[in-house]
1. Can you order the peptides 190-198, 96-104 by their average number of other Cβ atoms within 10 Å per residue, highest first?
2. With viscosity set to 0.692 mPa s and temperature to 37 °C, compute the Stokes-Einstein D of region 70-193, Rh being the Kirkwood radius across alpha carbon pairs; µm²/s, no decimals.
3. Label-point separation (nm) for Asn126 and Met46, each offset 7 Å from Cα along Cα-to-Cβ?
4. Please report, to two decimal places, log10 I(q)/I(0) for region 1-83 at q = 0.16, 0.23 Å⁻¹ as given by the Debye formula with identical point scatterers on the Cα atoms and no solvent.
5. Over the chain, what is the relative contact order in whole percent, taking alpha-carbon pairs under 8 Å and six or more residues apart?
6. What value in Å³ per residue do you get for the convex hull of the alpha-carbon atoms in region 130-242?
7. Please work out the C-alpha center-to-center distance from region 49-73 to region 123-147 and express it in whole Å.
8. Could you sort the peptides 13-24, 61-72, 37-48, 119-130 by per-residue average Cβ neighbour count (10 Å cutoff), highest mean leading?
Amino acid sequence: MSQPSDNLYSQPLEAITGFVFDENVARVFRDMISRSVPGYATLLSMLPVLAQEYIQDNSHCYDLGCSLGAATLALQHSHTRNNVTIIAVDNSDAMIAQCKANILQSSTNTTVKFHCADICDIEINNASMAIMNFTLQFIQPDKRLALLSKIYNGLNKGGALVLSEKIRFDDSQQTWMTQLHHTFKKLNGYSDLEISQKRSALDNILIADTVEQHQQRLRQAGFSKILLWYQCFNFVSILAVK
C-alpha cells in the first residue's frame with residue numbers, strides 16, 4: 001500500500017509555527033522519517049538482533065515515543081521469549097491511533113498495550129528493554145536525566161535501553177554533517193524551501209545533544225555499559241545496559 005507523501009512544507013508559509021506531531025504529521029510520518037533520517041531502515045532492521053539479546057521472559061518492553069509503531073513491530077515479530085508485553089507510549093493522539101491500527105494488522109502472540117501519555121509521567125517497571133527512537137531530543141533538556149534515571153531504575157538487571165538521536169557537534173564537523181544531511185534530504189526529493197521551513201519549525205523544539213552529553217547523562221542515570229553501536233552522519237543510536 002502506498003503511503004502519503006510528505007509535502008507539509010512544500011509551499012511558502014506566511015508564518016512557520018513550531019513543529020507538532022498532529023494528524024497532518026501522523027498521516028505522512030512514515031514517508032517523512034524515511035526521507036529525513038539517514039539509515040532509519042537499517043536501524044530498525046537491527047532491533048531484532050538487540051531484542052534477541054536483551055529481551056527476557058516474563059518482562060515488559062517499552063517503546064517510548066512510539067509514533068506509528070515501527071519499533072514495536074520490529075520487537076513484536078522478532079523476540080523468542082515467553083510472556084512478554086510491549087508497552088507503546090506516545091503523547092500524540094494521532095500517532096497512537098495510527099500505531100494501534102498498524103499493530104492490529106499484525107499477527108503475533110505478543111501483547112501490546114497503548115498509552116497516550118507524556119513519557120516523563122509513566123511508570124517503568126519489570127523492563128528488559130526500552131527503546132527511544134528520536135524521542136529524547138523533543139524532551140526539555142532539564143527533564144532528560146530524570147527520565148533516563150527512571151528508565152534505569154525500571155530496568156531489570158541485564159536489561160537494555162536503545163537511545164537513538166539526532167546529534168550536534170561542538171566543532172567544524174557540525175557544518176560538514178549538516179551539509180551531508182541536507183544533501184541526503186535533497187536526494188530524497190525535498191526542496192531547499194522544504195528543508196529551510198522544516199528546520200525553522202523544529203527550532204527550539206528539537207534540541208540535540210552531543211554524543212558526549214548523552215554518554216555522560218547515561219552514566220549519571222546509573223548505566224555503566226554504554227556503547228555507540230550505530231551512526232549515520234548526524235544520527236546515532238546508543239546501547240546502554242544495566
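Readers should treat all values here as calculations from the given coordinates under stated rules, not as data from a laboratory. Just so it is clear, the structure is predicted and the values come from calculations on it, not from any experiment. A quick note on method: Cβ atoms are made from the backbone with ideal geometry, for glycine too, and the neighbour counts reach across all protein chains shown.
1. Averaged packing, sorted descending, gives the order 96-104, 190-198.
2. 194
3. 3.1
4. -0.75, -1.16
5. 22
6. 101
7. Taking the Cα centre of region 123-147 as reference, the centre of region 49-73 is 14 Å away.
8. For the peptides 13-24, 61-72, 37-48, 119-130, the packing ranking is 61-72, 119-130, 37-48, 13-24.
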